[in-house]
Amino acid sequence: MLIEKKTHTIEIANLPHTLLLRIDARVKAQGGDRDSQIRELIEKGLAAEQTRSAESGFDEALRTIRKGFEESGANEEETLALMTEELRAVRSKRKLATVHHGG
């Protein structure tokens, strides 16, 4: 089964000449053509945006964890000891799972 790729044309209004020169310099340095370089830049920009969004979700989760520790009244040493013990437990479970499943 052949999957047909649909393409679209985008017109960019008011593109600064200096930006076009930078894109052309990139084409000259990396090869290809202007269209492929612009497509790659768009893809990289959107991927970076998605990464930033995922990281902000992770930051939010860490904020919640930090707040919980602060409210518990545990000091840094107690918190570190608890996290170290939990990490050991997770690693132990993972190791047992690998042994039992032939990994």
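Quick notes
- Taken over the stretch 1-50, the criterion of being within 25 Å of the chain's Cα centre (by Cα) and hydroxyl-bearing (Ser, Thr, Tyr) is satisfied by Ser36 alone.
- Residue among Gln30, Gln37 that alone is at pLDDT 80 or above, touching a Lys or Arg at 6+ places or on another chain (Cβ under 9 Å) and surrounded by 10 or more Cβ atoms within 10 Å (Cβ to Cβ): Gln37
- There is at least one residue in the stretch 63-74 that is without any contact (Cβ under 8 Å) to a residue 12 or more places away in the chain and not in a helix (DSSP H, G or I).
- Verdict on Lys67 being more than 30 Å from Leu19 (Cα to Cα) and among the charged types (D, E, K, R): yes
- Given (1) within 30 Å of Thr9 (Cα to Cα); (2) at pLDDT 80 or above, number of the condition Ser53 does not satisfy: (2)
The values are calculated or read from the model by the stated rules, or taken from the named source; none is laboratory data. Owing to the predicted nature of the structure, the values given are computational and were not obtained by experimental measurement. Positions of Cβ are backbone-derived with ideal geometry, glycine not excepted, and every protein chain shown enters the neighbour counts.
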